[in-house]
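Peer 1: The structure under discussion is supplied below as structure tokens; questions concerning it will follow.
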Amino acid sequence: MTREELKNLQITLPDAAVYAKVKQNWDALAKPLDSMGEFETVFAKIGAITGNENVPIGKKAVIAMCADNGIVEEGISQSGQEVTARVAEAMGKGTSSVCRMAKRAGADVIPVDVGIATEDFIEGVLARKVRRGTRNFLKEAAMTEEETLAAISVGMEVVKSCKEAGYDLLATGEMGIGNTTTSSAVAAAMLGCPVEHITGKGAGLSDAGLQHKIDVIRQGLKKRDCDRGDTLHILSAVGGLDIAGLCGVYIGGAVYHLPVVMDGVISTVAALAAERLVPGTKEFVIPSHQSREPAAEFMMKELGVKPLINAGLALGEGTGAVLMFGMFDIVQGLYENRTTFADIEVEPYIRF
């Protein structure tokens, strides 16, 4: 894919008539109007995306983009780079956190090696490596534009395969040591806000470690000329292969009309980048939770979405999105087996 091809992608927006019909179906239920809150809106959105008022969410999967980040050389993480491959291996075996949760939720996990820093084949992980980790963005751009576009293409291709396999609902997940640093850098550049306002401790940094992380990001943004509002340049300069791959998942969701449930801060940064790259993509994004990382609130506000869960989650891998899968299944039990006011011979509420 080229920059021009990405720019020229055409998105057909969700079906407004189906959205309205799902809303009408909710109003007909034997309950107070709007009493299921944001779930009513989200279900209407899923129905509009799929073009189906029955809101199909039966076959679900988490697409977990796994990649390493060269900026780890600068000591911005408590863990070493080798942990990415270890967790990806656990995903391949079905034993990582998101896999355990997804099994309970009746969902599949599709781990994708888009840039793990190893030459080894990891069993159970989809091999789509663009390169063995990004470069250290303090020394040079993390990726070339071609590598960034290749990672975006990987995400789109995985979504296309999911569409062909009959999946109804997807979610984003990731694994990559150092990716709260890359996501904070991308977020700061896209929003034009101070680095210290949106950078958190990630997987357990000390106060001193956080300050070092902020300093590294600030230096990197200055060196890589990230104040020019070019999202593809920002992703290439200070982003990660996992973030770019997730951008492709969101764009693929828009192209193939598959709703994509957004996970934590890395997923949220990728969703905003996808919207900047291909306007209209956000209409196919379903919120789940608000990460405790500071950037999450800023990103969600910019995207215009509200989290349905606010529990201080920060595990990653797609775990917050899988929690939403379980909640959606429960709500679907109410929606698809509708008891109406007519069924119980009660006058319906009137919407004023």
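Peer 1: Please state which one of 64, 48 is touching a Pro at 6+ places or on another chain (Cβ under 6 Å), surrounded by 16 or more Cβ atoms within 10 Å (Cβ to Cβ) and more than 27 Å from residue 343 (Cβ to Cβ).
Peer 2: 64
Peer 1: Still on this structure: Could you tell me how many of the residues in region 264-293 are small (Gly, Ala, Ser) and in a loop (DSSP other than H, G, I, E, B)?
Peer 2: 4
Peer 1: In this structure, is residue 331 over 16 Å from residue 107 (Cβ atoms), hydrophobic (A, V, I, L, M, F, W, C) and touching a Phe, Trp or Tyr at 6+ places or on another chain (Cβ under 7 Å)?
Peer 2: No: the conditions fail for residue 331.
Peer 1: A further question follows. Please give the number of the condition residue 234 fails out of (1) assigned to a loop (DSSP other than H, G, I, E, B); (2) in contact with a Cys (Cβ under 7 Å, 6 or more places away or on another chain).
Peer 2: (1)
Conditions tested, residue by residue: (1) in contact with a Lys or Arg (Cβ under 7 Å, 6 or more places away or on another chain); (2) of a type in the set (A, V, I, L, M, F, W, C); (3) closer than 28 Å to residue 51 by Cβ.
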position: 218; (1), (2), (3): no, no, no
position: 234; (1), (2), (3): no, yes, no
position: 265; (1), (2), (3): no, yes, no
position: 269; (1), (2), (3): no, yes, no
position: 275; (1), (2), (3): yes, no, yes
position: 289; (1), (2), (3): no, no, yes
position: 292; (1), (2), (3): no, no, no
position: 295; (1), (2), (3): no, yes, no
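Residues checked against (1) among the aromatic types (Phe, Trp, Tyr); (2) surrounded by 15 or more Cβ atoms within 10 Å (Cβ to Cβ):
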{"residue": "303", "(1), (2)": "no, yes"}
{"residue": "307", "(1), (2)": "no, yes"}
{"residue": "310", "(1), (2)": "no, no"}
{"residue": "314", "(1), (2)": "no, yes"}
{"residue": "318", "(1), (2)": "no, yes"}
{"residue": "328", "(1), (2)": "yes, yes"}
{"residue": "338", "(1), (2)": "no, no"}
{"residue": "346", "(1), (2)": "no, no"}
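Peer 1: Still on this model: Please give the number of the condition residue 37 fails out of (1) buried (at least 24 other Cβ atoms within 10 Å of the Cβ); (2) without any contact (Cβ under 8 Å) to a residue 40 or more places away in the chain; (3) not β-branched (Val, Ile, Thr).
Peer 2: Unmet condition: (1).
Peer 1: Kindly check whether there is at least one residue in region 145-152 that is surrounded by fewer than 17 Cβ atoms within 10 Å (Cβ to Cβ), over 14 Å from the mean Cα position of the chain (by Cα), of a type outside the set (Ser, Thr, Tyr) and farther than 17 Å from residue 210 by Cα.
Peer 2: Within region 145-152, one or more residues are surrounded by fewer than 17 Cβ atoms within 10 Å (Cβ to Cβ), over 14 Å from the mean Cα position of the chain (by Cα), of a type outside the set (Ser, Thr, Tyr) and farther than 17 Å from residue 210 by Cα.
Peer 1: Checking the structure you have, find out if any residue of region 198-205 is under 21 Å from residue 312 (Cα atoms), modelled with pLDDT of 95 or more and not hydrophobic (A, V, I, L, M, F, W, C).
Peer 2: No, region 198-205 contains no residue that is under 21 Å from residue 312 (Cα atoms), modelled with pLDDT of 95 or more and not hydrophobic (A, V, I, L, M, F, W, C).
Peer 1: State whether the residues of region 96-107 include one that is outside any helix (DSSP H, G or I), touching a strand residue (DSSP E or B) at 6+ places or on another chain (Cβ under 6 Å) and either within 15 Å of residue 318 (Cα to Cα) or not charged (D, E, K, R) (or both).
Peer 2: Yes, region 96-107 has at least one match.
Peer 1: Would you tally the residues in region 94-121 being charged (D, E, K, R) and touching a Cys at 6+ places or on another chain (Cβ under 8 Å)?
Peer 2: 1
Peer 1: Right, here's the next one. If a residue has to be in a helix (DSSP H, G or I), free of Cβ contacts under 8 Å to residues at least 24 places away in the same chain and surrounded by fewer than 19 Cβ atoms within 10 Å (Cβ to Cβ) to count, how many in region 195-224 make the cut?
Peer 2: Number satisfying all stated conditions: 8.
Peer 1: What is the residue count in region 164-182 for residues that are in contact with a strand residue (DSSP E or B) (Cβ under 9 Å, 6 or more places away or on another chain) and over 19 Å from residue 97 (Cβ atoms)?
Peer 2: Number satisfying all stated conditions: 4.
Peer 1: Regarding region 89-98, can at least one residue be identified that is in contact (Cβ under 8 Å) with a residue 60 or more places away in the chain and within 26 Å of residue 14 (Cβ to Cβ)?
Peer 2: Within region 89-98 (the criterion being in contact (Cβ under 8 Å) with a residue 60 or more places away in the chain and within 26 Å of residue 14 (Cβ to Cβ)), the answer is no, since none of the residues qualifies.
Peer 1: Still on this structure, I have one more. Go through region 99-108 and count every residue that is without any contact (Cβ under 8 Å) to a residue 12 or more places away in the chain, among the hydrophobic types (A, V, I, L, M, F, W, C) and over 23 Å from residue 180 (Cβ atoms).
Peer 2: The number of residues fulfilling the criteria is 0.
Peer 1: In addition: Only one of 316, 252, 280, 312 is touching a residue at least 12 places away in the same chain (Cβ under 8 Å) and within 11 Å of the chain's Cα centre (by Cα). Can you tell me which?
Peer 2: Selected residue: 316, the only one of 316, 252, 280, 312 that is touching a residue at least 12 places away in the same chain (Cβ under 8 Å) and within 11 Å of the chain's Cα centre (by Cα).
Peer 1: Another question about this same structure. Kindly indicate the residue of region 163-194 that is of a type outside the set (S, T, N, Q), touching a residue at least 24 places away in the same chain (Cβ under 8 Å) and in a helix (DSSP H, G or I) and also nearest to residue 79 (Cα to Cα) among those meeting that condition.
Peer 2: 185
The values are calculated or read from the model by the stated rules, or taken from the named source; none is laboratory data. Small disclaimer: the values here were computed from a predicted structure and weren't measured. Note that we place each Cβ from the backbone using ideal geometry, even for glycine, and neighbour counts take in every protein chain shown.
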